[in-house]
Amino acid sequence: MAVTDRPAQRPRLPLIAGNWKMNLDHLQAVAFVQKLHWTLKDAKHEDGSVEVAVFPPYTDLRTVQTLLDADKIPFGLGAQDLSAQDSGAYTGEISGAFLSKLQCRYVIIGHSERRQYHAETDEVVAAKTQAALRHGLVPVICVGETAEDLEKFGASAVPVGQLDVALKDLKADAEIVVAYEPVWAIGSGQAATPEQAQDVCAKLRHVVAERLGQEAAERTRILYGGSVKSGNIASFMREPDVDGALVGGASLVVDEFAAIIRYQKHVGV
Ligand code: 13P
């Protein structure tokens with residue numbers, strides 16, 4: 001493809017991330033990853049244009065890692081959570097050390113389902129962010145407002161406050177990804193408008209600038225998540241501060257996820 005055919009240059013490599021949540025066992029994971037890879041190959045998808053990452057359940061990670069390695073599939077691998085501790089008597093917990101040994105590059109931290117069902121506070125999210133960085137993992141820090149927050153405080157106050165705490169003790173060169181996921185948009189079929197996503201993502205970038213400096217703000221990728229589909233991804237990706245998507249339900253359907261990854265081919269982008 002000639003350089004002139006490319007979509008306008010973006011300052012950051014887009015990241016399309018599939019959070020599988022508690023879906024797909026390790027056998028289903030193999031079939032899914034292979035089919036996604038073939039679908040993108042058939043469509044002559046350009047691997048360098050977008051980074052793709054999958055976030056399977058813990059029990060799938062070793063199997064998916066082996067498959068990505070053996071078949072040279074260029075998808076990043078991430079876990080959905082990690083322990084704030086590094087090792088010891090913490091039954092049921094998973095250390096970041098184990099995840100980096102499995103060649104995970106990413107780990108989701110502070111997803112609203114963890115905040116809601118596992119009472120994870122902003123302080124826990126900050127401790128887990130530190131743990132991820134100690135083990136060479138890139139934390140994908142999730143923030144977002146509930147419907148009640150939206151009504152009371154508007155869209156940005158809660159996510160801005162959450163991110164501010166998560167970044168409080170980080171070094172300026174820390175590699176992080178931020179995901180803005182309005183809780184009311186998750187799994188509801190009702191995505192935020194691109195304008196709202198842009199507005200909040202711009203404010204989150206400002207938090208990164210204040211905490212880690214301007215250079216970090218310019219290189220940090222900020223994703224939108226919440227009812228992302230092939231039909232709306234392009235409208236989010238047109239926004240200058242939205243650098244990708246964290247996709248739940250639609251990341252479990254091969255054709256749909258492949259179409260999201262290939263958003264640059266959609267009309268009008
Ligand atoms: P949905 O795409 O199913 O709304 O989920 C979003 C999400 O929670 C990704 O982390």
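Alpha-carbon geometry of segment 97-225: the Rg and the Dmax are 14.1, 44 Å, given in that order.
In terms of overall dimensions, the C-alpha atoms belonging to segment 47-111 reach 41, 24, 15 Å along their principal axes, ordered largest to smallest.
Based on Cα contacts under 8 Å between residues 6+ apart, the chain shows a relative contact order of 20 percent. Cross-link partners for Lys265 among the lysines, with Cα-Cα distance under 23 Å and sequence neighbours closer than 8 places in the same chain left out: Lys35, Lys41, Lys44, Lys229.
With the convex hull of the Cα atoms taken as the outline of segment 4-121, the averaged projected area works out to 9.4 nm². Phi-derived couplings, Karplus 6.51 cos²θ - 1.76 cosθ + 1.60 at θ = phi - 60°, listed residue by residue for segment 15-29: 10, 10, 10, x, 8, 6, 6, 8, 9, 6, 7, 5, 6, 5, 5 Hz, with x used for Gly and Pro.
So, taking all protein chains as they sit and a 1.4 Å probe, how much accessible area belongs to Arg211, in Å² rounded to tens? Looks like 90 Å² after rounding. Within a straight-line Cα-Cα reach of under 14 Å, Lys72 can be paired with the following aspartates and glutamates, leaving aside sequence neighbours fewer than 8 residues apart in one chain: Asp47.
Largest accessible area first, the listed residues Glu123, Glu239, Glu151 line up as Glu151, Glu123, Glu239 when surface is computed with a 1.4 Å probe on the assembled protein chains.
Solvent-accessible surface of segment 110-269, taken per residue with a 1.4 Å probe and all protein chains present: 41 Å².
Element breakdown for segment 167-255 at a 1.4 angstrom probe: carbon and sulfur atoms account for 49% of the accessible area.
The values are calculated or read from the model by the stated rules, or taken from the named source; none is laboratory data. As the structure is a computational prediction, the values presented were derived from the model and not from experiment. These area figures cover heavy atoms from the full protein model, side chains too; ligands, DNA and RNA do not enter into them. Shrake-Rupley method; radii C 1.70, N 1.55, O 1.52, S 1.80 Å.
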